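Read the structure below first, then the notes.
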Amino acid sequence: MSALVEVAAAGAVAAVCFLIGSTNPAAIAARALGEDLRGSGSGNPGATNAGRVLGVRWGVLVGVLDVAKAYVPTLVLLHWPGLPADQRLRMALLGATAVVLGHMFSPFLRGRGGKGVATALGAILAIEPWIALAAFAVFVAVAVVLKRVGRGSVAACGALLLFGLLDGLGVLGLAPRLVGWWLAGLSLLVLLRHRRNIEAWVRRTMA
């Protein structure tokens with residue numbers, strides 16, 4: 001594949017995956033039930049707020065769909081026929097990142113979106129399933145102990161950030177270094193979406 005064709009293919013992958021990520025199951029479900037998540041609960045059009053406003057079953061369904069909308073296209077790109085393995089990996093990482101960004105900054109919601117926890121999980125599950133399951137275990141443990149989903153999400157992203165940095169630097173060697181840096185960047189992006197929550201927790205702790 002020539003450089004020009006590869007750039008065009010990368011652009012197409014990014015655009016399509018961004019649109020897939022922009023489709024927000026939480027907002028669609030809320031609209032079907034006559035609710036507006038942006039004006040209810042935390043105001044976030046994501047699985048946690050959907051569960052809070054629409055009910056636990058809807059929250060679980062939205063979470064599963066958010067995971068799937070990142071998992072499926074990433075897995076497809078990772079196994080795209082006719083391309084070298086390293087190029088498939090680069091395309092999969094690009095597509096996965098685009099899905100997460102689309103979820104966070106959906107043009108269908110005027111640039112607003114969810115915090116990207118479930119979509120990031122779906123992307124990581126396709127690239128490195130054992131790492132995704134380990135992060136999910138951290139999330140569940142912290143969320144159950146502290147009884148706060150948000151804190152579980154932050155703890156899981158913090159663990160992924162540390163793991164990604166160590167793998168990117170070649171300290172662990174459990175995943176390709178490119179994947180390590182990608183994990184670190186994706187985790188940092190999700191953590192930044194939680195910055196207000198983190199700031200509030202720090203203020204309460206120091207008060």
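Descriptive notes on the structure:
- Among the residues making up the stretch 17-47, those that are among the hydrophobic types (A, V, I, L, M, F, W, C), under 23 Å from residue 96 (Cα atoms) and surrounded by fewer than 20 Cβ atoms within 10 Å (Cβ to Cβ) are 19, 20, 28.
- Which listed residue is among the aliphatic types (A, V, I, L, M), buried (at least 16 other Cβ atoms within 10 Å of the Cβ) and free of Cβ contacts under 8 Å to residues at least 40 places away in the same chain, from 14, 50: 50
- For beta carbons closer than 7 Å, sequence separation of 6+ or different chains, a first residue in the stretch 166-181 that is modelled with pLDDT of 80 or more and a second that is open to solvent by 60 Å² or more (accessible area, probe 1.4 Å) and part of a helix (DSSP H, G or I), the qualifying pairs are 167/177; 168/177; 168/181; 170/177.
- Between 161, 165, 186, the distinction of being closer than 20 Å to residue 129 by Cα, hydrophobic (A, V, I, L, M, F, W, C), in contact with a helix residue (DSSP H, G or I) (Cβ under 6 Å, 6 or more places away or on another chain) and open to solvent by 60 Å² or more (accessible area, probe 1.4 Å) belongs to 165 only.
- A single entry from 162, 101, 183, 188 fulfils the requirement of being part of a helix (DSSP H, G or I), over 25 Å from residue 75 (Cβ atoms) and not hydroxyl-bearing (Ser, Thr, Tyr): 162.
The values are calculated or read from the model by the stated rules, or taken from the named source; none is laboratory data. Only a predicted model underlies this, so the values are computations on that prediction, with no experimental measurement involved. All Cβ positions, glycine included, derive from the backbone under ideal geometry; neighbour counts span all protein chains shown. Each accessible area value is taken on the protein alone, full model and side chains, heavy atoms only, with ligands, DNA and RNA left out. Shrake-Rupley method; radii C 1.70, N 1.55, O 1.52, S 1.80 Å.
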